[in-house]
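Here is the structure we will look at.
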């Protein structure tokens with residue numbers, strides 16, 4: 001299904017969608033990636049559904065542009081997308097019918113007591129945990145090295161967690177494996193940004209990896225795993241693997257190192273970008289159409305972007321389409337090739 005500039009501009013005027021866990025939503029499919037279905041929910045809102053939820057027959061018949069109805073599992077993940085599911089989540093009514101339950105959660109929050117729950121699902125932002133009769137969220141950034149050494153594969157396991165946030169009006173319960181009052185202070189004075197460290201992989205998830213740096217906790221977020229976009233970290237690294245990482249910064253509040261694995265590897269973009277010059281005509285495949293513009297694959301390791309503001313009324317693109325563009329700018333620091341539509345018609349042009 002083609003998307004025109006008028007469509008994009010109309011979308012830009014819409015407001016951000018307010019959703020809660022358990023809400024029913026319907027949108028149009030804008031991308032079918034290897035692992036996910038991305039749905040345009042209107043305005044500046046995109047939802048993502050794990051393909052594993054779909055029966056193979058339904059999955060085979062899905063096409064970009066089809067409408068898909070689903071339920072909200074989480075208001076957003078680490079990329080700002082709304083996480084969707086084909087089934088309405090248990091314990092997710094718009095308003096709580098059991099105020100005492102939420103008072104109990106507030107008690108856990110203020111007393112820093114442990115709340116027991118069972119990890120039931122993993123997504124790109126963290127874990128869903130069944131705790132106290134509701135679905136709680138355990139962000140990937142709130143795991144702990146010591147807990148992962150005991151249980152590196154959390155799905156299906158029971159855990160004892162601390163309550164980080166309680167919001168009854170949004171049925172939102174956020175957990176952490178870090179004790180906020182008994183954080184063991186580790187001497188991080190020997191580390192500084194830019195340091196190269198040897199580490200052992202403890203656990204790998206779709207959102208990143210946890211590393212052991214001589215008993216110091218290190219976390220590598222998904223965007224710091226590889227230069228390649230949209231890659232599953234679990235296909236690159238395995239528990240107990242020895243790696244070299246670079247310190248990005250030090251998180252003294254959580255006593256850990258924020259690390260990168262990709263910065264110690266050569267960025268393929270720098271070499272690949274040398275084959276492009278401003279005003280070159282290039283061919284690319286349309287990967288995604290969003291409100292800001294169009295994402296285009298030029299070759300493995302190089303993507304281009306066409307701003308919605310540069311697309312003339314009447315021009316349209318379709319996901320999967322291969323077409324020509326003009327190179328407008330090459331920014332190696334941002335790893336970005338800015339493209340412009342390649343105009344083949346002179347209709348409407350004014351000559352002076």
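The values are calculated or read from the model by the stated rules, or taken from the named source; none is laboratory data. Owing to the predicted nature of the structure, the values given are computational and were not obtained by experimental measurement. Note: ideal-geometry Cβ built from the backbone for every residue, glycine included; neighbour counts use all protein chains shown.
Laid out as a table, the results:
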quantity	calculated
Residue in the stretch 333-343 that is surrounded by fewer than 15 Cβ atoms within 10 Å (Cβ to Cβ), in a strand (DSSP E or B), touching a helix residue (DSSP H, G or I) at 6+ places or on another chain (Cβ under 9 Å) and at pLDDT 90 or above present	no
Pair list, Cβ under 9 Å, 6 or more apart: the stretch 138-152 residue over 15 Å from residue 180 (Cβ atoms) and in the same structural domain as residue 128 (by TED's automatic domain parsing), other residue at pLDDT below 90 and in a helix (DSSP H, G or I)	140/222
The stretch 137-156 - residue that is exposed (fewer than 14 other Cβ atoms within 10 Å of the Cβ) and part of a loop (DSSP other than H, G, I, E, B) and, of those, modelled with the lowest pLDDT	153
Lone qualifier among 291, 263 - being assigned to a helix (DSSP H, G or I), under 25 Å from the mean Cα position of the chain (by Cα) and either within 29 Å of residue 207 (Cβ to Cβ) or touching a residue at least 60 places away in the same chain (Cβ under 8 Å) (or both)	263
Candidates 25, 37, 64 - the one that is part of a loop (DSSP other than H, G, I, E, B), modelled with pLDDT of 80 or more and either in contact with a helix residue (DSSP H, G or I) (Cβ under 9 Å, 6 or more places away or on another chain) or farther than 24 Å from residue 180 by Cα (or both)	64
Which numbered condition residue 57 fails, given (1) outside the structural domain of residue 167 (by TED's automatic domain parsing); (2) at pLDDT 80 or above; (3) in a helix (DSSP H, G or I)	(2)
Per-region count, the stretch 195-229, residues without any contact (Cβ under 8 Å) to a residue 40 or more places away in the chain, surrounded by 19 or more Cβ atoms within 10 Å (Cβ to Cβ) and out of contact with any helix residue (DSSP H, G or I) (no Cβ under 9 Å at 6 or more places or on another chain)	0
Among (1) touching a residue at least 60 places away in the same chain (Cβ under 8 Å); (2) under 23 Å from residue 124 (Cβ atoms); (3) touching a strand residue (DSSP E or B) at 6+ places or on another chain (Cβ under 7 Å), the one test that residue 232 misses	(3)
Residue within the stretch 178-185 that is crowded, with 19+ Cβ neighbours inside 10 Å, modelled with pLDDT under 95 and over 22 Å from residue 50 (Cα atoms) present	yes
Output for the stretch 294-322, where each listed residue is part of a loop (DSSP other than H, G, I, E, B) and either at pLDDT 90 or above or within 23 Å of the chain's Cα centre (by Cα) (or both)	300, 301, 319, 320, 321
Number of positions in the stretch 295-308 that are without any contact (Cβ under 8 Å) to a residue 60 or more places away in the chain and either in contact with a strand residue (DSSP E or B) (Cβ under 8 Å, 6 or more places away or on another chain) or in the same structural domain as residue 45 (by TED's automatic domain parsing) (or both)	9
Of all residues in the stretch 240-260 being touching a residue at least 60 places away in the same chain (Cβ under 8 Å) and surrounded by 16 or more Cβ atoms within 10 Å (Cβ to Cβ), the one that is nearest to residue 176 (Cα to Cα)	254
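The rows are residues; the columns are (1) modelled with pLDDT of 85 or more; (2) part of a strand (DSSP E or B).
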residue: 93; (1), (2): no, no
residue: 101; (1), (2): no, no
residue: 104; (1), (2): yes, no
residue: 118; (1), (2): yes, yes
